[in-house]
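What follows is a structure written as structure tokens; I'll ask about it next.
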Amino acid sequence: MEKKHIEEADFSETGYSYTLSLISGKYKPVILYCLMEYEPVRFNEMQRYLKKVADKTLSQNLKELEADHLIVRTVYPQIPPKVEYTLTERGRSLMSVLDKLCDWGNENRT
């Protein structure tokens, strides 16, 4: 079997690449952990948890996680409007991956 040269390797279609595309960025893993620990979570609660995140940035990250079917946004028809976020089963299944990353970081911190 012939060995591939590095310039021929394509990782863009791998499961690794797909998983990273779902959780990449500064806030997505933290949002997912927040939901795992405290769900359901409202937008303002999420802002307090993430501290210095801009409204627009948080909103965009939540929309992307929802589009990827990792979280659910529930709107309650009341005044003022109430919106809560929770993990989907798909989102919960990602928690073991994030836990492993956390474990590795704790074990290999320099």
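In Å, what is the Rg of the alpha-carbon atoms in the chain, and how long is Dmax?
That works out to 17.2, 66 Å for Rg and Dmax.
Suppose R0 equals 22 Å. What FRET efficiency, 1/(1 + (r/R0)^6) with r the Cβ-Cβ distance, do Q60 and L20 give to the nearest 0.05?
According to the calculation, E is roughly 0.80.
Let me ask another. Treating only the Cβ of Lys, Arg, Asp and Glu as charged (+1, +1, -1, -1), what charge dipole size does the chain show about its Cα centre? Round to the nearest 20 debye.
Dipole of the chain, to the nearest 20 debye: 580 debye.
How much mean residue ellipticity at 222 nm does the chain get from its helices, if each DSSP H run of length 4 or more adds -39500 (n - 2.57) and you divide by all residues, to the nearest 500 deg cm²/dmol?
-16000 deg cm²/dmol
What's the FRET efficiency of Y76 with C102 using the Cβ-Cβ distance as r and R₀ = 35 Å, to the nearest 0.05?
Given R0 = 35 Å and the Cβ-Cβ separation, E is 0.60.
Readers should treat all values here as calculations from the given coordinates under stated rules, not as data from a laboratory. Model, not experiment: these values are computed from the prediction. With ideal geometry, Cβ positions are generated from the backbone for all residues, glycine too; neighbour counts draw on all protein chains shown.
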